[in-house]
Structure formats: C-alpha cells, structure tokens
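Undergrad: My questions will all concern the structure given below.
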Amino acid sequence: MRISARADYAVRAVLELAVRHDGDPVKAETIAAAQDIPHKFLEGILGDLRRGGIVDSRRGGGGGYLLARDARAITVADVIRAVDGPIVSVRGERPTDLTYTGSAQPLLPVWIALRANVRRILEGVTIADIATDALPDPVRLLAADPAAWENP
C-alpha cells in the first residue's frame, strides 16, 4: 500500500491546524511554510478537505483555515478519504466490488483482510492522538517492532 503525497500533505496540514487550536484561522501560506508543502498543491488539498468536512475556511484579511470539528473526532482515515477516496483499492475498485475466478478466487479475502487491517489502524488514530503524541497502544506496539522499520 502506498500513501500518496497528497494524503501525507493532507494529514500534515490538518495536524498543523490541530496544534494551532487557538481558534484563529491559519493561512494556507503559513501551513505550507510550516510543513514544507508546495503552496499551490496545498490549496487544492485544503479545498478537498473543506468539501470533505475536515476543515472550514474563512475569507478576508483575518481568514484562513480551521478544523471543522474537534481533532479528537477526525481520524487519519477521514483525512485520507477526503483527498484520495477509498483507503484501499485494487485497480481503483473497492475490494468488496471485485470478483475473481479460478486459481485467483482465494485472493479476494487477502485484499479484504488488508483493507480491514489498514482501516483498523487509520480509523483508530485521531488527529488529536498524533498532535498530542498519544498514539493508541496497538499502534505504538506495531511501530516498536524493529521488523516494522525494515524493508525486506
């Protein structure tokens, strides 16, 4: 599974808004500079996040972006879905929409299991968890395994 640059930048932008939770809108330029994200690319991402109900925008001199809801109510999965669509797809289709025949028939449960595990992690971690460095224990345990950091 690959995490797109768009998804990575989106999560980082939302985190930036979460740590700047003083209630004042944050300008896209500020987010872009803080996270080293190309400004024009970020503008498109913020538009998707706004349409996805993750951020709100305010116009004017004091305008910018804010979280649309509490960071404890926004999961990493929510952010990724807002900018990239379904979390796990095979050839652009959801695994549940696929059918295989013959020797490939047992492959479908592999894709479904992959999807379930990825969702379990991404839906179980909120933006607040990351912003406060309070990751859930299952995530910490998985990340603490030295093999998780190795590329076979």
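Undergrad: Go through segment 61-93 and give me each residue that's out of contact with any strand residue (DSSP E or B) (no Cβ under 6 Å at 6 or more places or on another chain), in contact (Cβ under 8 Å) with a residue 12 or more places away in the chain and not aliphatic (A, V, I, L, M).
TA: GLY62, GLY63, ARG69, ASP70, ASP78, ARG81, ASP84
Undergrad: In addition: I'm trying to understand the selection: among the residues of segment 87-101, which are acidic (Asp, Glu) and either part of a strand (DSSP E or B) or at pLDDT below 80 (or both)?
TA: GLU93
Undergrad: Taking segment 1-53 as the search range and keeping residues that are among the β-branched types (Val, Ile, Thr), part of a helix (DSSP H, G or I) and in contact (Cβ under 8 Å) with a residue 60 or more places away in the chain, which one is nearest to GLY92 (Cα to Cα)?
TA: VAL11
Undergrad: Could I ask something else about it? I need a count of the residues in segment 70-97 that are under 13 Å from ILE127 (Cβ atoms) and surrounded by 13 or more Cβ atoms within 10 Å (Cβ to Cβ). It would help to see each step written out before you state the result.
TA: Step one: of segment 70-97, the residues under 13 Å from ILE127 (Cβ atoms) are 70-80, 82.
From what is left, the residues that are surrounded by 13 or more Cβ atoms within 10 Å (Cβ to Cβ) are 71-72, 74-80, 82.
Number of matching residues: 10.
Undergrad: Condition check: surrounded by 15 or more Cβ atoms within 10 Å (Cβ to Cβ) and either under 16 Å from ALA10 (Cα atoms) or of a type in the set (Ser, Thr, Tyr) (or both). Does GLY124 satisfy that?
TA: Judged against the criteria, GLY124 is not a match.
Undergrad: Looking for whichever is closer than 18 Å to THR132 by Cβ, touching a strand residue (DSSP E or B) at 6+ places or on another chain (Cβ under 8 Å) and at pLDDT below 95 here; the options are ARG20, ARG58. Which one fits? Break it down stepwise before answering.
TA: Values: ARG58 fails: closer than 18 Å to THR132 by Cβ.
Going through ARG20, ARG58 in turn, the sole match is ARG20.
Undergrad: List every residue pair whose Cβ atoms sit under 7 Å apart, with the two residues 6 or more apart in sequence or on different chains, where the first one lies in segment 131-152 and is farther than 25 Å from ALA71 by Cβ and free of Cβ contacts under 8 Å to residues at least 60 places away in the same chain and the second, anywhere, is among the hydrophobic types (A, V, I, L, M, F, W, C) and surrounded by 10 or more Cβ atoms within 10 Å (Cβ to Cβ).
TA: Listed pairs, sorted by first residue: ALA148/LEU142.
Undergrad: What number of residues within segment 125-150 are assigned to a loop (DSSP other than H, G, I, E, B) and of a type in the set (A, V, I, L, M)?
TA: Going through segment 125-150 one residue at a time, the tally reaches 3.
Undergrad: Check segment 104-111 and report whether any residue there is in contact with a helix residue (DSSP H, G or I) (Cβ under 6 Å, 6 or more places away or on another chain) and more than 21 Å from ASP78 (Cβ to Cβ).
TA: There is at least one residue in segment 104-111 that is in contact with a helix residue (DSSP H, G or I) (Cβ under 6 Å, 6 or more places away or on another chain) and more than 21 Å from ASP78 (Cβ to Cβ).
Undergrad: Look at VAL118 and say whether it is assigned to a helix (DSSP H, G or I) and either over 28 Å from ILE31 (Cβ atoms) or out of contact with any helix residue (DSSP H, G or I) (no Cβ under 7 Å at 6 or more places or on another chain) (or both).
TA: When the stated conditions are applied, VAL118 passes them.
The values are calculated or read from the model by the stated rules, or taken from the named source; none is laboratory data. Owing to the predicted nature of the structure, the values given are computational and were not obtained by experimental measurement. Neighbour counts are summed over all protein chains in view; Cβ atoms, including those assigned to glycine, are modelled from backbone coordinates with ideal geometry.
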